[in-house]
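Undergrad: Structure below; questions to follow.
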Amino acid sequence: MKEFALIFRLSNASDAQPSPEQIQERLNWLASIAVQNKLVDKGNTLSSVHAKSVRSDQVVTDGPYTEIKEFISGYLIVKTATIEEAVELAQANPILKIGGTIEVRELVKLYGGNLGD
């Protein structure tokens with residue numbers, strides 16, 4: 001099994017404050033992945049208000065990425081046999097109903113163990 005990050009993007013900050021019905025729909029979607037034993041990490045919601053971007057020239061700006069139309073609202077990690085299966089899980093997420101997008105990326109393990117090893 002491989003691990004994939006599902007990265008959630010929104011274009012409207014008001015969508016980051018879902019209704020109780022939307023929250024329940026998202027929890028049901030998450031539970032459906034967990035019951036299949038494909039949920040590795042339920043991830044977190046990422047703030048679009050309390051964020052900074054640090055550039056290579058050490059300039060710090062308000063973020064996240066204010067020059068783009070979308071912002072990353074959160075992520076989670078799933079385990080599936082293929083990226084196509086991870087995409088299939090993403091396609092059932094209710095964020096798509098409100099115009100959000102989900103980026104699916106395979107996690108690549110660079111080290112055999114912990115960084116301190």
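Undergrad: Can you tell me which residues in the stretch 95-109 are surrounded by fewer than 17 Cβ atoms within 10 Å (Cβ to Cβ) and either over 14 Å from the mean Cα position of the chain (by Cα) or of a type outside the set (S, T, N, Q) (or both)? Talk me through it step by step, then tell me what you get.
TA: Looking only at the stretch 95-109, we keep the residues that are surrounded by fewer than 17 Cβ atoms within 10 Å (Cβ to Cβ), and these are 96-99, 101, 103, 105-109.
Matches in the stretch 95-109: Leu96, Lys97, Ile98, Gly99, Glu103, Arg105, Glu106, Leu107, Val108, Lys109.
Undergrad: Within the stretch 6-46, track down each residue that is in contact with a Leu (Cβ under 8 Å, 6 or more places away or on another chain) and either among the acidic types (Asp, Glu) or over 16 Å from Ala86 (Cα atoms) (or both).
TA: Ala16, Asp41 - these are the residues of the stretch 6-46 that are in contact with a Leu (Cβ under 8 Å, 6 or more places away or on another chain) and either among the acidic types (Asp, Glu) or over 16 Å from Ala86 (Cα atoms) (or both).
Undergrad: Only residues in the stretch 70-97 that are within 17 Å of Asn37 (Cα to Cα) count as the first member; pair them with residues that are of a type in the set (S, T, N, Q) and part of a helix (DSSP H, G or I), Cβ under 9 angstrom, at least 6 apart or cross-chain, and list the lot.
TA: Once the first residue is within 17 Å of Asn37 (Cα to Cα) and sits in the stretch 70-97, its partners that are of a type in the set (S, T, N, Q) and part of a helix (DSSP H, G or I) give Leu89/Ser32; Ala92/Ser32.
Undergrad: Among the numbered criteria (1) surrounded by 10 or more Cβ atoms within 10 Å (Cβ to Cβ); (2) under 18 Å from Leu6 (Cβ atoms); (3) modelled with pLDDT of 75 or more, which one does Asn37 miss?
TA: Of (1) surrounded by 10 or more Cβ atoms within 10 Å (Cβ to Cβ); (2) under 18 Å from Leu6 (Cβ atoms); (3) modelled with pLDDT of 75 or more, only one is false for Asn37: (1).
Undergrad: Note down all Cβ pairs under 6 Å where the first residue falls in the stretch 3-27 and is farther than 25 Å from Val40 by Cα, the second is at pLDDT below 85, and they're at least six residues apart or on different chains.
TA: From the stretch 3-27, the pairs are Ser11/Lys69; Ser11/Glu70; Ala13/Ser48.
Undergrad: Let me ask you something else. Based on what the data block shows, is Thr45 modelled with pLDDT of 95 or more and within 18 Å of Phe4 (Cα to Cα)?
TA: Working: modelled with pLDDT of 95 or more: no; within 18 Å of Phe4 (Cα to Cα): yes.
No; evaluated as a whole, the condition is false for this residue.
Undergrad: Okay, moving on. For the stretch 28-49, which positions are of a type in the set (Gly, Ala, Ser), touching a residue at least 12 places away in the same chain (Cβ under 8 Å) and assigned to a helix (DSSP H, G or I)?
TA: Quick first cut of the stretch 28-49, residues of a type in the set (Gly, Ala, Ser) only: 31-32, 34, 43, 47-48.
Add one more test, that the residue is touching a residue at least 12 places away in the same chain (Cβ under 8 Å), and what stays is 32, 43, 48.
Scanning the stretch 28-49 gives a single hit, Ser32.
Undergrad: Does Ala81 satisfy the condition of being closer than 25 Å to Lys109 by Cα, exposed (fewer than 13 other Cβ atoms within 10 Å of the Cβ) and at pLDDT 75 or above?
TA: Working: closer than 25 Å to Lys109 by Cα: yes; exposed (fewer than 13 other Cβ atoms within 10 Å of the Cβ): yes; at pLDDT 75 or above: yes.
Criteria met by Ala81.
The values are calculated or read from the model by the stated rules, or taken from the named source; none is laboratory data. Because the structure is a prediction, the values reported are computed rather than measured. FYI the Cβ positions are ideal-geometry reconstructions off the backbone, even for glycines, and counts take in every protein chain you see.
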